[in-house]
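To start, the structure itself, in structure tokens.
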Amino acid sequence: MTGAQRVMSPLTLTLLSAITCCSLAEQSSNVSPPNIIIMLMDDMGWGDLGVFGQPSKETPNLDAMAAQGMLFPDFYTANPLCSPSRAALLTGRLPVRNGFYTTNAHARNAYTPQEIVGGISQDEILLPQMLKKKGYVSKIVGKWHLGHRPQYLPLENGFDEWFGAPNCHFGPYNNSNRPNIPMYNDSEMLGRYYEEFKIDKKTGESNLTQIYLLEGLDFINRQTEAQRPFFLYWAADATHAPVYASKRFLGKSQRGRYGDAVMELDYSVGQILSKLYSLGIENNTFVFFTSDNGAALISAPDEGGSNGPFLCGKQTTFEGGMREPAIAWWPGHIEEGTVSFQLANVMDLFTTSLALAGISPPDDRIMDGLDLTPVLLNRPHTLHNRPIFYYRGNELMAVRLGQYKAHYWTWSNSWMEFKNGINFCPGQEVPGVTTHTQKEHTLQPIIFHLGRDPGEKFPISVLTKEYLDVLSRISPVVEQHKNNLVPGLPQLNMCDVAVMNWAPAGCEKLGKCLKVPKSDPWKCDWPH
């Protein structure tokens, strides 16, 4: 085995990333740093884009974005659920490091419903905080989902502006047992979902995506006029059940209401890219499009998307739960119409954004995100053999290295949940793989070749030379990762009705404050 073929250790990868960042910082010290736009969709699947083969071909703007930029078919989230994946993006660290996981039960997905007590740890350093070093103005539009109590909100964690909601748009609630989720403008609420911000669950009509689009365009206009570098985190959530679209798009898709939502998001992406061209800043704006986790097949087909050829969906660590659509766009810098099979993940956006801004990543902690600028800009690099770690809660479920994926644990969901109609793998049961009990395979991992078998249906026989060779290469990677892992303090263990959105900041001005019940904390129950 040559040196170039050897698997790099996480430490080597971290050092390489830091060196690349520093090198880029030196090169770009006299150049205006590019604007950065990250578009993070909600529960949108790998197979929802025309460029990835969706047969209805209803995403012309995203398909054009891919034709003008770089497509990443092997791009991953850090967790198969919303909150942890978003925390990973903004910290550049695995949820098990940044605290966005639970220890209440083994290998359980946890997130931030409005009864959650915790949120993003104050020990974490978020991307907008780092970008301030180079004068960036940062705005989040849409779903936050890293904690809704005051200390956890965006403006307390580096963002300068926010328009959106702290939680999912579940509801409507009666405001007695559970309040409707507030919508914020910066640090104060403007109203609540299903009240001032309508979502008609019967028809699916809502103007929220259009509102989010206008907020994003206004921010781009203002920062361009002020000649300030900006970071826009555009986190629209229309493809999360209950899905919604504005009247203009309802009934337009061959795919039903979910497709209507995708079409409106695709239109919005096109409007944002067009705005960059009209302002003449397209060559100085890096844009990345992806999703927080796989499509929620439990909501399909009416309110859930497609994960293409991949197994299962959201909530699982099979490919359908964690492989995401991903497009990078930067005219004049990224070669048009390129496809990169580089293994990459959402945490890389943290480190890559810093490199583009000429900022070195934090050196007082382990970073999981790598700098993708050599890949994006077609420069020599040694990132080919980086691993992808698939976590579910506090457990490392699987690891990918090259084309091979080794499952150390398998679980779709419990028999109890499954018998109650909760199915994360509808029509895709694979005996011994999509198990309804947590099965450990540490001594003899289940290994797939994802090139030959993207659907994870045909395990490689343990008796073959191929299996033994792959195991000999993956095992040291797993061992080193576990030996160097120092889990963060879990933030998603405790719940309490008293911390719900009863009286958010600004409710007094609107007459929207609700009575706060007595505190009665309990350990959150995470069934999946």
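A few notes on this one:
- Qualifying residue in the range 473-480 (condition: modelled with pLDDT of 95 or more, assigned to a helix (DSSP H, G or I) and in contact with a helix residue (DSSP H, G or I) (Cβ under 7 Å, 6 or more places away or on another chain)): yes
- Annotation note: Cβ proximity below 7 Å between a residue of the range 296-323 that is closer than 18 Å to MET41 by Cβ and a residue that is modelled with pLDDT of 95 or more and among the acidic types (Asp, Glu) (sequence gap 6+ or interchain) occurs for ALA296/ASP43; GLY305/ASP43; GLY305/ASP48; SER306/ASP48; PHE310/GLU319; LYS314/ASP43; GLU319/GLU456.
- Candidates LEU396, LEU376: the one that is of a type in the set (A, V, I, L, M, F, W, C), under 20 Å from the mean Cα position of the chain (by Cα) and closer than 17 Å to ASP74 by Cβ is LEU376.
- Residue match in the range 226-248 (condition: within 14 Å of ASP43 (Cα to Cα), in a helix (DSSP H, G or I) and not β-branched (Val, Ile, Thr)): no
- MET183 open to solvent by less than 60 Å² (accessible area, probe 1.4 Å), within 22 Å of ALA261 (Cβ to Cβ) and either acidic (Asp, Glu) or in a strand (DSSP E or B) (or both): yes
- Single unsatisfied condition, GLY280 versus (1) on the phi > 0 side of the Ramachandran plot; (2) open to solvent by 10 Å² or more (accessible area, probe 1.4 Å); (3) touching a residue at least 12 places away in the same chain (Cβ under 8 Å): (3)
- Options PHE458, PHE448; residue that is part of a loop (DSSP other than H, G, I, E, B) and either open to solvent by 40 Å² or more (accessible area, probe 1.4 Å) or not hydroxyl-bearing (Ser, Thr, Tyr) (or both): PHE458
- Put simply, of GLY393, GLY432 the only residue that is surrounded by fewer than 12 Cβ atoms within 10 Å (Cβ to Cβ) and within 25 Å of GLN315 (Cβ to Cβ) is GLY432.
- Number of residues in the range 466-487 that are touching a Pro at 6+ places or on another chain (Cβ under 8 Å), closer than 11 Å to ALA406 by Cβ and exposed (fewer than 14 other Cβ atoms within 10 Å of the Cβ) equals 0.
- The residue list THR434, THR442 contains one member that is free of Cβ contacts under 8 Å to residues at least 40 places away in the same chain, touching a strand residue (DSSP E or B) at 6+ places or on another chain (Cβ under 9 Å) and either over 19 Å from ILE116 (Cα atoms) or not in a helix (DSSP H, G or I) (or both), which is THR442.
- Only helices (runs of 4 or more DSSP H) whose full extent lies in the range 257-360 are considered here, and the ones with at least 2 residues that are under 14 Å from the mean Cα position of the chain (by Cα) are 319-322, 348-357.
The values are calculated or read from the model by the stated rules, or taken from the named source; none is laboratory data. What you are looking at is a predicted structure, and each value in this text was computed from that prediction instead of being measured. In this analysis, Cβ positions are derived from the backbone assuming ideal geometry, glycine residues included, and neighbour counts consider all displayed protein chains. Heavy atoms of the whole protein, side chains included, go into the accessibility calculation; ligands, DNA and RNA do not. Shrake-Rupley method; radii C 1.70, N 1.55, O 1.52, S 1.80 Å.
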